[in-house]
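The structure appears below as structure tokens.
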Amino acid sequence: MTPENPTSRFATLPDTSEREATDLFHREEVQLALRNRGMPLEIMRYPVTPSGMHYLVIHFDIPDVNIDQWKLQVGGLVSQPLSLSLDDIKKRPARTMAVTMECAGNGRALLNPRVFSQPWFNEGIGTAEWTGTPLKGILEEAGLTDGAVNIVFSGADQGIQGEVLQVYQRSLNIAESMREEMMLVYEMNGQPLQPQHGYPLRLLVPGWYGMASVKWLDRIEAVEDQFQGYQMAKAYRYTQVREEPGEPVTLIRVRALMIPPGIPDTMSRVRWLTAGQQSLTGRAWAGRLGVSRVEVSVDDGSTWSEATLGEQVSTFAWREWSFVWNAVRGWHTLSVRATDTEENVQPIDQFWNAQGMGNNMAQRVRVLVE
């Protein structure tokens, strides 16, 4: 069954020429969006995201790594510096773990006023099965000395950000670095890392937003002070104005997303579906915490009903949810929100900040039922 004239049903949607300037994106934002791939939300039907559909962020350029010359250097305040080839790393104890990774800027394009940067809507997300060796074992092998405070992870990519020439670097304190789930990974979904995902080696920091999982990793260094590199001190901060130091972005906040039901209008992505019972499904996650509840609203947040939770792939992976909706004719705005095991509830309103980080406000999906 199809509507008699589906085009006319969407005629009330604003034309591009009528939208306010704030709805238009800058050339630089479009350029970033074309380089950095999002996951189509319908791909949440898979418990593990196919590698080619997993979201992707490349801050600078994908480096040209010569694997015959590449070595992971482990140094700084250690008693036994290491220089390891990929084959050396693969000889260490290995494990495979499904982990949901989310960009800290996921949802940025939905903010009002919009923050100028990579314009994510809700698609900066993915879950992969990562294979590698525990970071803890490598650090123990190197032998951290008493003065070590931070572990700095450096990638092979370099560029300019905030007028600073840099390689991409992030750090973790000793306690975080020694957690059992921290890994150095060389496979994604059973295959060697693709170049855009960090080949030959990347750090995996489960439960944290994706910026912590440094790609193209080539150096690990133990240092005696708090590391103040650009990606720690300037980028990835919760601030109201960019000049403020703010709080660092760390763990993933609770979020649920819905697979958009029915079929889409090409340009607006507004959905069309038939009246009657409709199964709404999606995924929910909360970083290191579990998801205790998912709720669905079919009236733009006026009332909420509890969804049914499914199985979780692993401790750090998303969890399926489902909800049966008796859809009646007309326009509807569907919403979904999650609650974690510490009773943090996904907010209805936006969490605005100057860098557009951690915006986990409830998803809204506009639908027309015929």
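The values are calculated or read from the model by the stated rules, or taken from the named source; none is laboratory data. The structure displayed is predicted, hence computed values, not measured ones. When we count neighbours, we look across all protein chains shown, and the Cβ atoms used for this are built from the backbone with ideal geometry, even at glycine.
Does PRO200 count as surrounded by fewer than 22 Cβ atoms within 10 Å (Cβ to Cβ), modelled with pLDDT of 95 or more and not assigned by TED's automatic domain parsing to the domain that holds PHE323?
Criteria met by PRO200.
Looking at the structure I just gave you, is LEU184 in contact (Cβ under 8 Å) with a residue 12 or more places away in the chain, buried (at least 18 other Cβ atoms within 10 Å of the Cβ), in the same structural domain as LEU82 (by TED's automatic domain parsing) and among the hydrophobic types (A, V, I, L, M, F, W, C)? Yes.
Taken together, the criteria exclude SER213 from residues that are surrounded by 22 or more Cβ atoms within 10 Å (Cβ to Cβ) and touching a Phe, Trp or Tyr at 6+ places or on another chain (Cβ under 7 Å).
Which one of these is modelled with pLDDT of 95 or more, in a helix (DSSP H, G or I), among the small types (Gly, Ala, Ser) and surrounded by fewer than 20 Cβ atoms within 10 Å (Cβ to Cβ): GLY137, GLY75?
Numbers: GLY75 fails: in a helix (DSSP H, G or I).
Answer to the check: GLY137.
Each row is one residue, and each column tells you yes or no for (1) at pLDDT 95 or above; (2) more than 20 Å from ALA148 (Cα to Cα); (3) hydrophobic (A, V, I, L, M, F, W, C).
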{"residue": "ASN173", "(1), (2), (3)": "yes, no, no"}
{"residue": "ARG179", "(1), (2), (3)": "yes, no, no"}
{"residue": "GLU187", "(1), (2), (3)": "yes, yes, no"}
{"residue": "ALA212", "(1), (2), (3)": "yes, no, yes"}
{"residue": "TRP216", "(1), (2), (3)": "yes, yes, yes"}
{"residue": "GLN228", "(1), (2), (3)": "no, no, no"}
{"residue": "TYR238", "(1), (2), (3)": "yes, yes, no"}
{"residue": "VAL241", "(1), (2), (3)": "no, yes, yes"}
{"residue": "PRO260", "(1), (2), (3)": "yes, yes, no"}
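For segment 340-370, which residues satisfy the criterion of being closer than 22 Å to SER292 by Cβ, of a type outside the set (A, V, I, L, M) and crowded, with 21+ Cβ neighbours inside 10 Å? Talk me through it step by step, then tell me what you get.
Of segment 340-370, the ones closer than 22 Å to SER292 by Cβ are 340-349, 351, 358-363.
Applying the additional criterion that residues be of a type outside the set (A, V, I, L, M) yields 340-344, 346-347, 349, 351, 358-360, 363.
ASP340, GLN346, GLY358, ASN359, ASN360, GLN363, listed by residue number.
Only one of (1) over 26 Å from ALA128 (Cβ atoms); (2) exposed (fewer than 14 other Cβ atoms within 10 Å of the Cβ); (3) touching a strand residue (DSSP E or B) at 6+ places or on another chain (Cβ under 7 Å) is not met by PHE227, so which one is it? The single condition PHE227 does not satisfy is (2). Scanning segment 312-370 for residues that are assigned to a strand (DSSP E or B), more than 17 Å from the chain's Cα centre (by Cα) and of a type in the set (Phe, Trp, Tyr) gives TRP321, PHE323, TRP325, TRP331.
Matching residues to (1) more than 22 Å from the chain's Cα centre (by Cα); (2) part of a strand (DSSP E or B); (3) within 18 Å of MET39 (Cα to Cα); (4) assigned by TED's automatic domain parsing to the domain that holds GLY330:
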| residue | (1), (2), (3), (4) |
| --- | --- |
| THR266 | yes, no, yes, yes |
| ARG283 | no, yes, yes, yes |
| GLU295 | no, yes, no, yes |
| THR303 | yes, no, no, yes |
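Inspection of segment 162-171 identifies at least one residue that is closer than 30 Å to ALA362 by Cβ and touching a strand residue (DSSP E or B) at 6+ places or on another chain (Cβ under 6 Å). Cβ-Cβ contacts under 7 Å between residues 6 or more apart (or on different chains), taken from a first residue in segment 99-122 that is farther than 9 Å from GLY356 by Cα to a second residue that is hydroxyl-bearing (Ser, Thr, Tyr) and modelled with pLDDT under 95, are listed as PRO113/THR22.
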